[in-house]
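J.: Below: one structure in structure tokens.
The values are calculated or read from the model by the stated rules, or taken from the named source; none is laboratory data. Please read these numbers as outputs of a predicted model, since none were measured by experiment. Note: ideal-geometry Cβ built from the backbone for every residue, glycine included; neighbour counts use all protein chains shown.
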Amino acid sequence: MEFQKRVAAIILLVAMVVGAFALAGCTQKQPLTIDFYTYTNPRPYNPAGDKLAEAIQQQLQQNLGAVVNIHQFGWTEYKDEILSKGNGQMYLFGWIGDNGDPDNFLYVHFHSSQIGALNAMGYKNPQVDDLLTQAQKESDPQKRDQLYKQADQLIVQDAPWVFISHANDMVATRKNVTGFVLYPTGSIFLHNVDKEVPAGQQKVLVYARGADSLSLDPALIDDGESAKVIENIYDTLVTFEPGTTKIKPALATDWQISDDGLVYTFHLRKGVKFHDGTPFNADAVVASIGRQVGQNATADMPYASFTFGDVDKVEKVDDYTVKITLKEPNAPFLLNLAMGPAAPIVSPTALKKYGADFGRHPVGTGPFIFEKWDPDQQIVLKANPNYWDGKPKVDEVIFKVTKDNTVRAQELLAGSVDIIDGIDPADVDSLKNSPDINFLSGPGMNINYLAFRVDRPPFDNPKVRQAVSMAIDRQAIVDSLYKGIAVVANGPLPPGMLGYDPNLKPYEYNPAEAKKLLAEAGYKVPK
Amino acid sequence: MVSYIIRRLLMLVPVLLGVTLAVFLVMQVIPDPTGIILGQHATPAQMAALRHELGLDRPVWVQYGDFLWKALHGDLGRSYLTRAPVTYEIGRRFPHTIELTLAAILIASVVGILAGIVSAIRQYTVIDHLAMVGALLGVSMPIFWLGLMLIELFAVYLHWLPVDGRITLEAGYHFRTGFYIIEAAVTHNWPAFRDAVRHIILPATALAAYSTGLIARMTRSSMLEVVRQDYIRTARAKGVPERRVIFRHALKNAMIPVVTVVGLQFGYLLGGAVLTETVFSWPGIGSLAVSAVQNSDIPLIQGTVLLVATVFVVVNLVVDIVYAFLDPRIRYS
């Protein structure tokens, strides 16, 4: 009896030990579980909207056996969740470049000083910090290019992002429209665009887009629809060479930058007049920039701190010379001065006359003169016959609002408008196949990415980041979701930008290797 | 009658208070508008500063009280995005919507009532079946889809009518009001009138489809009921011509329920204008409401909802009054 009890006790003990080991084994080897945050609506860099998150979820389940819980939000709420509240372990996001400079992609996302803002990943690499700070102060483009290429390399190795794709910019015009050029920054300059019409007829160019402008005061806007119109009413001190992000003179004929990179001296074009007849001079530049600098900048000037945040003071030297002093060197500053928001030079007389209503009575020096604005319908501009760079080729430009993408494409097919943007992927083929239409597309200045919060589990472990990166087939996603309207990204920068390295090699799709890495990181993976 | 109208007008007050309160509470759960106003570079500090400037950091009831007090003085605030007064934004767009809605009501009433009468007097014939299938289609087709199909057929394929928009922009017509068709008629500007009418046909048809179907079915059943009544048989027995029996004796009585439906459709059409205006690039309050919602432009959303609610309530009141004129048996006290 005693013996039997003892045997029973031993058996029980053994069973318990075995059971405990089995249980412990189970708790040790769990599948990877991810809280995945995403937005619902299509974005310019991700026209497929929420389908992208579903595709990623499916691939991670299939290739890693990962449990991916998707949390979806509308765009504004989403930004709040991601950037302010810091929720989620990995999230989808994207970026549209402002000024065509790599600083505007790399510094804002990967410098550790930006943690809490766009660097919501919590990414911190002292070497990257150094390179990005150095590049910001360096004025020699070749040296900057090298610095950014080194930074790209480090970032790609650290894999805080999965670099998904760059969406193409797409514009379609009627065949009788010539001279339209796509700019990497998305700028729309219609000065040299011509339209072939029967002799004796007025040349009226109709440009249809998806939403109305918000204001035509460059200091108060940051949306593309306002910028498109503003770029044709106003001039900037410097502007882009056609189709590039290279700088050329505009209202400034030439300029000097001091050796320490702090003082910019601009010599202004003489004999230029605003549309209201007042002369363009140093006072106009001081007024246009001065109202957005330091204490003068109000909360509703969205680009003031981006464009002029580093400006200490702007002074008139004489009638045609202006000196801008920066607080610290900022290499992209010249590019900022070529942008549609914030930078354009406005008529100080008109600004004073119209006050808060200046945005509806815009007065600049540009190729087109503001004529009228019927909200949600059209903005009409007339050619400026005295434009300093030559009279525009067309007599009148109408920026028309057509909210629905498909209707806009049909307008172009029917010939009732001349140029359209905001093309729906579903309409690409019918536009491309039409004999009456020129289809223009080029790599856009944007990035569509998946970010890991690297400051917390599970993605504080580089192996987990690498495993997830290698378990996502980006080429398949781009092929199936974007059907030729985007290209696969190889790093954080879009092609053609300073610092872009075509030889960059991110973690490529390799499910077997991904499984191995995830197993090494201590997760349960499927056979 | 006068005291009834006054009482109904007084009832507007609690209804509109309820509407504003509902809109206000809904506004509390939509995303923070400061993120949109400040764009992709916004820092939390800037957003907080702007929230303070807009008064969004005050308690909800203070904000509501402030909104009501200003609204009583005709001030609905300024749009966050365009920075113009909400009354100005709405005032510039509402005439376009009114003209579209009136055109749709016209189409729906004329086509709907005629189809209903024909169906009723030719009950169970091919015409009746065709009309009722048409009515069923009209009621069940989504405006958005119907609009795109109309564009595809009449504008892109047949080239009979323009694709979208209010008027041919390149023609450079100048209008002082938003009532393009009415203004062009009044000023005898016939090219502009023709152009504006050509532009309103497709959107008004798309918008009217549902109401046309509904009115047709309503008229048919109402007519069928009336023509079976004794006084119609008496009229026929007296030898009154059939045309006169239908249009004089039957139609007036059959119209009473139809008037209600037409009146209520006015409110529906104002709502349907949101979709129609989006498809046809119509610069009315529907387009305005859509961009206001997309941009979390709170004052603009409140303004448009308040306007539509007010119109809806006032139209219902008018319908009730018209009732009394059509049917002397209805008395209000």
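J.: Of the conditions (1) part of a loop (DSSP other than H, G, I, E, B); (2) within 14 Å of another protein chain (Cβ to nearest Cβ); (3) more than 27 Å from A:Gln134 (Cα to Cα), A:Gln292 clears all except one; give me its number.
T.: Only one criterion in (1) part of a loop (DSSP other than H, G, I, E, B); (2) within 14 Å of another protein chain (Cβ to nearest Cβ); (3) more than 27 Å from A:Gln134 (Cα to Cα) is unmet by A:Gln292, namely (3).
J.: Another one. Of (1) more than 30 Å from B:Ile200 (Cα to Cα); (2) in a helix (DSSP H, G or I), B:Gln265 satisfies all except one. Which?
T.: With (1) more than 30 Å from B:Ile200 (Cα to Cα); (2) in a helix (DSSP H, G or I) applied to B:Gln265, the lone miss is (1).
J.: Could I ask something else about it? Need the failing condition index for B:Val110 against (1) in contact (Cβ under 8 Å) with a residue 40 or more places away in the chain; (2) surrounded by fewer than 18 Cβ atoms within 10 Å (Cβ to Cβ); (3) under 30 Å from B:Ser221 (Cα atoms), just the number.
T.: Every condition holds for B:Val110 apart from (1).
J.: Given the condition free of Cβ contacts under 8 Å to residues at least 40 places away in the same chain and surrounded by fewer than 18 Cβ atoms within 10 Å (Cβ to Cβ), answer yes or no: does some residue in the range A:435-452 qualify?
T.: Within the range A:435-452 (the criterion being free of Cβ contacts under 8 Å to residues at least 40 places away in the same chain and surrounded by fewer than 18 Cβ atoms within 10 Å (Cβ to Cβ)), the answer is no, since none of the residues qualifies.
J.: Somewhere in the range B:133-143, is a residue within 14 Å of chain A (Cβ to nearest Cβ) and not in a helix (DSSP H, G or I)?
T.: There is at least one residue in the range B:133-143 that is within 14 Å of chain A (Cβ to nearest Cβ) and not in a helix (DSSP H, G or I).
J.: Kindly list, by first and then second residue, each pair from a residue in the range A:191-216 that is over 17 Å from B:Gly165 (Cβ atoms) to a residue that is among the aromatic types (Phe, Trp, Tyr) and assigned to a loop (DSSP other than H, G, I, E, B), limited to pairs with Cβ atoms under 8 Å and residues at least 6 apart or on different chains.
T.: Pairs found: A:His191/A:Tyr387; A:Val193/A:Phe180.
J.: Of all residues in the range A:138-162, how many are in contact with a strand residue (DSSP E or B) (Cβ under 6 Å, 6 or more places away or on another chain) and either surrounded by fewer than 20 Cβ atoms within 10 Å (Cβ to Cβ) or among the aromatic types (Phe, Trp, Tyr) (or both)?
T.: Adding up the residues that qualify gives 1.
J.: Could you list, in sequence order, the residues of the range A:247-256 that are crowded, with 17+ Cβ neighbours inside 10 Å and assigned to a strand (DSSP E or B)?
T.: A:Ile247, A:Ala252, A:Trp255
J.: I would also like to ask the following. Considering only the range B:195-210, I want to know if a residue exists there that is over 30 Å from B:His174 (Cα atoms), crowded, with 20+ Cβ neighbours inside 10 Å and not hydrophobic (A, V, I, L, M, F, W, C).
T.: Scanning the range B:195-210, I find at least one residue that is over 30 Å from B:His174 (Cα atoms), crowded, with 20+ Cβ neighbours inside 10 Å and not hydrophobic (A, V, I, L, M, F, W, C), so the answer is yes.
J.: I'm trying to understand the selection: among the residues of the range A:359-372, which are within 10 Å of chain B (Cβ to nearest Cβ) and either assigned to a loop (DSSP other than H, G, I, E, B) or touching a strand residue (DSSP E or B) at 6+ places or on another chain (Cβ under 6 Å) (or both)?
T.: A:Glu371, A:Lys372
J.: Among the basic types (Lys, Arg) and in contact with a helix residue (DSSP H, G or I) (Cβ under 7 Å, 6 or more places away or on another chain): does that describe B:Arg220?
T.: When the stated conditions are applied, B:Arg220 passes them.
J.: Right, another one. Please verify whether the range B:306-324 includes one or more residues that are surrounded by 15 or more Cβ atoms within 10 Å (Cβ to Cβ), within 14 Å of chain A (Cβ to nearest Cβ) and either assigned to a helix (DSSP H, G or I) or out of contact with any Ser or Thr (no Cβ under 6 Å at 6 or more places or on another chain) (or both).
T.: no
J.: Applying the selection to the range B:160-177, what residues are facing chain A (nearest Cβ under 7 Å) and either of a type in the set (Asp, Glu) or without any contact (Cβ under 8 Å) to a residue 12 or more places away in the chain (or both)?
T.: B:Asp164, B:Leu169, B:Glu170
Every residue, every condition in (1) away from chain A (no Cβ under 13 Å); (2) more than 20 Å from the chain's Cα centre (by Cα); (3) buried (at least 17 other Cβ atoms within 10 Å of the Cβ); (4) at pLDDT below 90, yes or no:
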{"site": "B:Thr82", "(1), (2), (3), (4)": "no, yes, yes, yes"}
{"site": "B:Ile90", "(1), (2), (3), (4)": "no, no, yes, no"}
{"site": "B:Ala104", "(1), (2), (3), (4)": "yes, no, yes, no"}
{"site": "B:Ala115", "(1), (2), (3), (4)": "yes, yes, yes, no"}
{"site": "B:Leu148", "(1), (2), (3), (4)": "no, no, yes, no"}
{"site": "B:Ile151", "(1), (2), (3), (4)": "no, yes, yes, no"}
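J.: Among the residues of the range A:224-238, are any touching a Pro at 6+ places or on another chain (Cβ under 8 Å), within 14 Å of chain B (Cβ to nearest Cβ), of a type outside the set (Val, Ile, Thr) and surrounded by 19 or more Cβ atoms within 10 Å (Cβ to Cβ)?
T.: Yes, because at least one residue in the range A:224-238 is touching a Pro at 6+ places or on another chain (Cβ under 8 Å), within 14 Å of chain B (Cβ to nearest Cβ), of a type outside the set (Val, Ile, Thr) and surrounded by 19 or more Cβ atoms within 10 Å (Cβ to Cβ).
J.: Look at the range A:489-513 and say how many of its residues are under 24 Å from A:Val171 (Cβ atoms) and either surrounded by fewer than 18 Cβ atoms within 10 Å (Cβ to Cβ) or free of Cβ contacts under 8 Å to residues at least 12 places away in the same chain (or both).
T.: 2
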